[in-house]
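The values are calculated or read from the model by the stated rules, or taken from the named source; none is laboratory data. Quantities reported herein were computed from a predicted structural model and do not represent experimental measurements. No Cβ is skipped: glycine too gets one built from the backbone with ideal geometry, and neighbour counts run over all protein chains shown.
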């Protein structure tokens, strides 16, 4: 009775499925749509989090599963993890926050981010052990920054809101500290959509800087963003942090764009390369396996 009365007095439709909302919530998304957002499943690269084909599904001798790119290059970050695939309800939820200013979405996305970086906890604990009992500084949680004009226009940095929400719900077995001002975007950049991998790297080259290097030197860092698409942004930010003295960098995002085998193409084994692609001859072998 009360739910029906609420729907009459305060009519609202779910922004994902379009069905009427029957519960009082600041988030214009129904519980069913939130519950329908699932973690990534299947065999993924242990380093970059990309989907791997059957030819690369086996673990290496160190217990890690590596995609073709991560077998050929050393990335400036240790591992990249993501909660779900950037599609469907998760994509819409991110867009509600990012483009429509629906800030309550950050709380839900923060829970997903916290769930994603749970996979990194053993590495956090190992890093703390290696630092020793006399160096127990918290891990720095650094959101990928927006350029100042973009932040003013939007009113917030979605990566920072998500990181804050994640820290509130994540059990602190290893202490973490939000550090949103250390990494800055020094210039505006064009949209990465439609750019080649080489153009993406040029677009972001020199776009980030560490403003207080002394606070990064010798520290472990979790770089946080809403979406990992090609990995170019994460790679550039991690490179800048490492050059400023960061001891380790991990990448954690809410969503990740997962490529299909039909989208894979040949690449050069370059550290700058962030696209996780494979050559046609590898695809042919995988198809025959």
Yes/no for residue 47 being part of a loop (DSSP other than H, G, I, E, B) and either at pLDDT 90 or above or surrounded by 15 or more Cβ atoms within 10 Å (Cβ to Cβ) (or both)
yes
Within segment 111-118, identify whether any single residue is within 16 Å of the chain's Cα centre (by Cα) and assigned to a loop (DSSP other than H, G, I, E, B), and answer yes or no.
no
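Any chance segment 133-143 includes a residue that's assigned by TED's automatic domain parsing to the domain that holds residue 235, closer than 28 Å to residue 38 by Cα and either at pLDDT below 95 or in a loop (DSSP other than H, G, I, E, B) (or both)? Steps first, please.
First, pick out the residues of segment 133-143 that are assigned by TED's automatic domain parsing to the domain that holds residue 235: 133-143.
Still in the list and also closer than 28 Å to residue 38 by Cα: 139-143.
So of that shortlist, the ones also either at pLDDT below 95 or in a loop (DSSP other than H, G, I, E, B) (or both) come out as 139.
Checked segment 133-143: at least one residue is assigned by TED's automatic domain parsing to the domain that holds residue 235, closer than 28 Å to residue 38 by Cα and either at pLDDT below 95 or in a loop (DSSP other than H, G, I, E, B) (or both).
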Would you check if residue 78 is assigned by TED's automatic domain parsing to the domain that holds residue 258, part of a loop (DSSP other than H, G, I, E, B) and either farther than 18 Å from residue 159 by Cβ or out of contact with any helix residue (DSSP H, G or I) (no Cβ under 9 Å at 6 or more places or on another chain) (or both)?
yes
In segment 58-69, what count of residues is obtained for those that are part of a loop (DSSP other than H, G, I, E, B) and surrounded by 15 or more Cβ atoms within 10 Å (Cβ to Cβ)?
3
Is it the case that residue 187 is under 21 Å from residue 242 (Cβ atoms) and either at pLDDT below 90 or within 21 Å of the chain's Cα centre (by Cα) (or both)?
yes
On the basis of being over 21 Å from residue 181 (Cα atoms) and either crowded, with 19+ Cβ neighbours inside 10 Å or at pLDDT 90 or above (or both), does residue 127 make the cut?
no
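When segment 32-44 is examined, which residues are found to be in contact (Cβ under 8 Å) with a residue 12 or more places away in the chain and either in a loop (DSSP other than H, G, I, E, B) or surrounded by 15 or more Cβ atoms within 10 Å (Cβ to Cβ) (or both)?
Of everything in segment 32-44, those that are in contact (Cβ under 8 Å) with a residue 12 or more places away in the chain and either in a loop (DSSP other than H, G, I, E, B) or surrounded by 15 or more Cβ atoms within 10 Å (Cβ to Cβ) (or both) turn out to be 33, 34, 36, 37, 38, 39, 40, 43, 44.
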Can you name every residue in segment 200-243 that is part of a loop (DSSP other than H, G, I, E, B) and closer than 20 Å to residue 130 by Cβ?
216, 217, 218, 219
When you look at residue 90, is it within 28 Å of residue 204 (Cβ to Cβ), part of a strand (DSSP E or B) and within 17 Å of the chain's Cα centre (by Cα), yes or no?
no
Determine which member of the set 31, 11, 39, 20 is farther than 30 Å from residue 123 by Cβ and at pLDDT 90 or above.
31
Mind checking whether some residue in segment 251-270 is more than 25 Å from residue 41 (Cβ to Cβ), in contact with a strand residue (DSSP E or B) (Cβ under 6 Å, 6 or more places away or on another chain) and modelled with pLDDT of 90 or more?
no
